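Visitor: Let me begin by handing over the structure; questions about it come next.
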Amino acid sequence: MTDSTPKKHIVIVGGSYGGVACVNKLLHYLSKDTSVVITLIEKCDARYHCVASYRALVQKDFAKNLWIPYSNLFPKGSPHRIHRGLVKNIYNDHVLVTPVHDNNAGSSTLSSEPQRVNFDYLVIAAGSMIPSPAKWTVTGSKEGLRKLDETREDIVQSERIVIIGGGACGVELSGEIKYAFPDKSVTLIHDMPALVDYPRFPESFKEEARRYLTNQGVEVILNERVEIEGLSRENSVQKAEREVKFKGSDRVIHSDLQFFSIGIKVDTAFISTLAPPNDNSTLDKKTETSSFDAQTLLDPKSHVIKVRSTLQLDHDAFPNIFAIGDISNADPVPTCMAAVAAGETAARNVIKLVRKNEKATGGKQHHQSHLHRHPQSEGTTGAGDHSDDETNGYHCHSWNKLENYSPTQTMMVLAMNPSGGVSHLPVLGTWFGNLAARVAKSSDLFSGRFWSEMNMPRP
Ligand SMILES: Cc1cc2nc3c(=O)[nH]c(=O)nc-3n(C[C@H](O)[C@H](O)[C@H](O)COP(=O)(O)OP(=O)(O)OC[C@H]3O[C@@H](n4cnc5c(N)ncnc54)[C@H](O)[C@@H]3O)c2cc1C
């Protein structure tokens, strides 16, 4: 193959759990194949390992696990690259990216001039926002660490800490704070009858989470709603003297530090520019504008991207675009393990489409410029050929045998301190006692696994 041979471009938006798992699987299958180039677009200068955020909040030394450099992700000398920037708009064959620049003070700014990055295949893995200190609205690791240090100092300076929201994040946050600072008063307030009240999880798990926190010294208040002046999703850490008034009773408690730990949110605004290629069916002949409504690609309530079981967008016109992880509706409960599994499935399906396309066009020398020129023939309902072949060591089925993604099993490990927590595991069920939580998660919060996945030695 010569250098002038057109290459296929796979673009991945978001370099965290889902995006990196996808990249690693693609690298595995592509091996030394230089006809395919991967570009990972990521707004941050390092990968943020958010699962470890609460331990890093209370243990300064643990913060070194949080931001993992991208420098060893791609093999040296490979054609693949990391593109630092914020994806603002997605089209059917390219994305527009606003570059991010760091200044000497460690914070970063967006440049206004967008850059175009073309793709043949796109995997959207842009994740979600969870109120800080779980995730921070930053694009630089230094700024993220500075905010974390400030919040740790806020905890040190406080006596009466209130956390609103008893989902998995609120439970872990209150457990970690109480364990690290046993003399401080920690109150967790939740407006439901049970903590971690997710569908498909048994009552025993929810009750065990409450019992564990209570034994640790956290005051757990259920079935109560409160509003705290100044505290919101946007201002989710507040160091202020506040009277916390309960809506359902006359009770009032005093607090000098509050955390808002409710809700996961996705930003899918970048999809509003997506429209089918050569879209005659929705083209208004007079105005030459498409009447296609990209909002139909989103779940109307949660705004996550709707995907098929193959993880392709739920529309026949975009067989070359996939969405995985928290930003998609692939799993009922979004988790990093689900994002990893979906990233690997998406990688296998993209490779199948690449090989299928090569086969259809008579080998690597005769590339089509864009797969989606023939959306119907490449769609999920079309008739591909049913033969199998071996390409670069990958057992390549015809495209209509794309792999179906199975949502991950109901499992959750709540790490409430370095030596334990509460687990609900497949087959075993709710696990009372620290051992399972410690072995599965609590001791290092998967840091070893994810540093090694990035080919980096653990700091
Ligand atoms: C404290 C805590 C503990 C958790 N514990 C567990 C656990 O034990 N087990 C478990 O399975 N899950 C756990 N989770 C949930 C898990 O972290 C999420 O489900 C996971 O982060 C989802 O991964 P993702 O790759 O889809 O998205 P994210 O992790 O959100 O990553 C998205 C990436 O995309 C980048 N990005 C976003 N928008 C753009 C854009 N427009 N342009 C360029 N880049 C962009 C972001 O910077 C980020 O790097 C926990 C979460 C928290 C906060």
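The values are calculated or read from the model by the stated rules, or taken from the named source; none is laboratory data. All values derive from a computational prediction rather than experimental measurement. Cβ placement follows ideal geometry from the backbone for every residue including glycine, while neighbour counts extend to all protein chains displayed.
Visitor: Identify, by number, the condition in (1) surrounded by fewer than 16 Cβ atoms within 10 Å (Cβ to Cβ); (2) assigned to a helix (DSSP H, G or I); (3) touching a residue at least 60 places away in the same chain (Cβ under 8 Å) that Ala63 doesn't meet.
Guide: (1)
Visitor: If I ask for residues that are in contact with a Lys or Arg (Cβ under 6 Å, 6 or more places away or on another chain), within 18 Å of Gly19 (Cβ to Cβ), within 13 Å of the ligand (Cβ to nearest atom) and not in a strand (DSSP E or B), which ones from the stretch 119-135 would you list?
Guide: Filtering the stretch 119-135 for residues in contact with a Lys or Arg (Cβ under 6 Å, 6 or more places away or on another chain) gives 120, 129, 131.
Subset that is within 18 Å of Gly19 (Cβ to Cβ): 120, 129.
After this cut, where a residue has to be within 13 Å of the ligand (Cβ to nearest atom) as well, the list is 129.
Matches in the stretch 119-135: none.
Visitor: For the stretch 187-205, indicate whether the set of residues that are within 20 Å of Ser249 (Cβ to Cβ), of a type in the set (Ser, Thr, Tyr), in contact (Cβ under 8 Å) with a residue 12 or more places away in the chain and not in a loop (DSSP other than H, G, I, E, B) is non-empty.
Guide: yes
Visitor: Hey, among the residues in the stretch 102-118 that are more than 14 Å from the ligand (Cβ to nearest atom) and surrounded by 13 or more Cβ atoms within 10 Å (Cβ to Cβ), which one's nearest to Thr39 (Cα to Cα)?
Guide: Top of the filtered list is Asn118.
Visitor: Can I ask one more? For the stretch 72-95, name all the residues that are of a type outside the set (Val, Ile, Thr) and in contact (Cβ under 8 Å) with a residue 60 or more places away in the chain.
Guide: First pass over the stretch 72-95, keeping only residues of a type outside the set (Val, Ile, Thr): 72-81, 83-86, 88-89, 91-94.
Result: Asn72, Leu73, Pro79, Lys88, Asn89, Tyr91, Asn92, Asp93.
Visitor: Would you check if there is a residue in the stretch 149-161 being charged (D, E, K, R), more than 10 Å from the ligand (Cβ to nearest atom) and touching a Gly at 6+ places or on another chain (Cβ under 8 Å)?
Guide: Within the stretch 149-161, not a single residue is charged (D, E, K, R), more than 10 Å from the ligand (Cβ to nearest atom) and touching a Gly at 6+ places or on another chain (Cβ under 8 Å).
Visitor: Got a number for residues in the stretch 411-430 being among the β-branched types (Val, Ile, Thr), more than 21 Å from Tyr48 (Cβ to Cβ) and in contact with a Leu (Cβ under 9 Å, 6 or more places away or on another chain)?
Guide: Of the stretch 411-430, the ones among the β-branched types (Val, Ile, Thr) are 413, 422, 427, 430.
Okay, now just the ones that are also more than 21 Å from Tyr48 (Cβ to Cβ), so 422, 427, 430.
Retained after the next criterion (residues that are in contact with a Leu (Cβ under 9 Å, 6 or more places away or on another chain)): 422.
Of the residues in the stretch 411-430, 1 are among the β-branched types (Val, Ile, Thr), more than 21 Å from Tyr48 (Cβ to Cβ) and in contact with a Leu (Cβ under 9 Å, 6 or more places away or on another chain).
Visitor: Something else: Taking only pairs six or more apart or across chains, which ones have beta-carbon atoms under 7 Å, a first residue in the stretch 431-450 that is closer than 18 Å to Tyr48 by Cβ and modelled with pLDDT of 85 or more, and a second residue that is in a loop (DSSP other than H, G, I, E, B) and within 12 Å of the ligand (Cβ to nearest atom)?
Guide: Filtered contacts from the stretch 431-450: Ser447/His49; Phe450/His49.
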